[in-house]
Amino acid sequence: MATVELTGLSKAYGDVQAITGLDLAIGDGEFFVVLGPSGAGKTTTLKSVAGLVEVDDGDVVIAGRSMRGVEPYHRNVAMAFESYALYPQKTVFDNLASPLRSGRTGRYSAADQQQRIDAVTTTLGINHLLRRFPRELSNGQRQRVALGRVLVRPADVYLLDEPLSHLDAKLRAQMRAELKQLGEMSRTTSLYVTHDYQEALALGDRIAVLRAGRLVQVGTPHEIWRTPVDSFVAKALGQPEINLLEAEVADGRLRAAGGAVDLPAPRHLDLAGGRARLGFRPRDLGLLRAGSTAPVGDVVLRGRVGLAERLGRLMEFSVDVGGHDVIVVADSDAGAREGDVVDLHVPLTDVHVFAAGPAGEDTVRLGGAAVREPAQERS
């Protein structure tokens, strides 16, 4: 087990700046997730830790030791790539055993190899595939083998680059649970990269959000979800995305959507610019027939249902609020149909307030969505 520190890490590929001045501190035994869209610099960050790319500036420190000039095979890290990178001429067993037979990592006896492979393949559900070759496996099975080859040997740090990306939804959910259990059992420091916010929230002890090679926010899943530092982070977590409405500030009020949204401006916020952006998560919004009584203190938005889609026991509604589409996810018994006038309501603590910026520019969080205990949170 080991700590990992990235200080001022920068890497460019020609004119493309992959990561810029990246600072991260990952604790001993922590399962740390790096979240971001394509091109955010996630894989470059992992390769920098592994020593597979030479950074232009900054340092990687593992277990208190600088990795400047240290070759990848001397760093005692194990990395799973998004591509499978399996040996096609070897069976699953031999693919899994290959790192245990390497002179660079220390050779294990046949009995130790069997024991470690049995433990990992049972966890990953591939113990019945040991005699097969990669060409005889499905994409999902190949990815499990590639992941198993990393987990089978002890390492100071596990580096996992979107290891579940080729699995179907059911297997992804199953593997998330298994990986979390495996992490808690071994307590090996793990750095996990994903573009999937559900994986990040489910797996991470902490999450770092990257955008265009720069660190945007670091925090626990609860902190990232409840208090996103800006509208980019708010949009990165949640599906459907958070609703964002432009608002004007006047007479101590925040008004949006042509006056359809009207709420008191929090006194502690600096809204001197006269503009703000309001965020409402689709699952935080309740839906009532127009004229019904909303809970005391809730913000109410009146609109007309434009589209209603069934999602199993839930419904997704697109509601026109003052000419703006607001997405709501509610129980299927909400009783609203296309064309109905409805009232959307949300507790004031679930309204996110961001400072307004130029059109298309992500804005900085000002307040809202007061942090509550996870058991009280609606997500």
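Among residues belonging to segment 55-99 that are under 30 Å from residue 135 (Cβ atoms) and among the hydroxyl-bearing types (Ser, Thr, Tyr), point out the one that is surrounded by the most Cβ atoms within 10 Å (Cβ to Cβ).
84
Checking the structure you have, find out if any residue of segment 31-42 is under 19 Å from residue 2 (Cβ atoms) and either among the polar types (S, T, N, Q) or surrounded by fewer than 19 Cβ atoms within 10 Å (Cβ to Cβ) (or both).
no
A quick yes/no check of all residues on (1) within 24 Å of the chain's Cα centre (by Cα); (2) among the aromatic types (Phe, Trp, Tyr); (3) modelled with pLDDT of 90 or more; (4) at positive phi:
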{"position": "84", "(1), (2), (3), (4)": "yes, yes, no, no"}
{"position": "93", "(1), (2), (3), (4)": "no, yes, yes, no"}
{"position": "114", "(1), (2), (3), (4)": "no, no, yes, no"}
{"position": "131", "(1), (2), (3), (4)": "no, no, yes, no"}
{"position": "145", "(1), (2), (3), (4)": "yes, no, yes, no"}
{"position": "156", "(1), (2), (3), (4)": "yes, no, yes, no"}
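With (1) buried (at least 21 other Cβ atoms within 10 Å of the Cβ); (2) part of a helix (DSSP H, G or I) as the list, and residue 210 as the residue in question, which single condition is left unmet?
(2)
Please go through segment 29-61 and pick out each residue that is in a loop (DSSP other than H, G, I, E, B) and within 16 Å of residue 73 (Cβ to Cβ).
51, 52, 53, 54
Would you list the strands (runs of 3 or more DSSP E) that sit entirely within segment 284-356 and hold 3 or more residues that are buried (at least 19 other Cβ atoms within 10 Å of the Cβ) and over 26 Å from the mean Cα position of the chain (by Cα)?
The strands (runs of 3 or more DSSP E) meeting that bar are 299-311, 341-346.
Per-residue answers, yes or no, for (1) modelled with pLDDT of 90 or more; (2) under 27 Å from residue 275 (Cβ atoms):
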{"site": "308", "(1), (2)": "yes, no"}
{"site": "311", "(1), (2)": "no, no"}
{"site": "322", "(1), (2)": "yes, yes"}
{"site": "326", "(1), (2)": "yes, yes"}
{"site": "334", "(1), (2)": "no, no"}
{"site": "337", "(1), (2)": "no, no"}
{"site": "342", "(1), (2)": "yes, no"}
{"site": "366", "(1), (2)": "no, yes"}
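Looking at (1) over 26 Å from the mean Cα position of the chain (by Cα); (2) under 20 Å from residue 352 (Cβ atoms); (3) at pLDDT 85 or above, which one does residue 249 not meet, given that it meets all the others?
All conditions pass for residue 249, except number (3).
Report, ordered by the first and then the second residue, all pairs with beta carbons closer than 7 Å, sequence separation of six or more or different chains, a first member in segment 1-24 that is assigned to a strand (DSSP E or B), and a second member that is of a type in the set (Ser, Thr, Tyr) and at pLDDT below 95.
4/189
Hey, among 69, 51, 64, 58, which residue is farther than 18 Å from residue 151 by Cα and touching a strand residue (DSSP E or B) at 6+ places or on another chain (Cβ under 6 Å)?
Being farther than 18 Å from residue 151 by Cα and touching a strand residue (DSSP E or B) at 6+ places or on another chain (Cβ under 6 Å) holds for just one of 69, 51, 64, 58, which is 58.
The values are calculated or read from the model by the stated rules, or taken from the named source; none is laboratory data. Computed from a prediction, not measured in an experiment: that's the story for all the values here. Cβ coordinates were reconstructed from backbone atoms using ideal geometry, including for glycine residues, and neighbour counts include every protein chain displayed.
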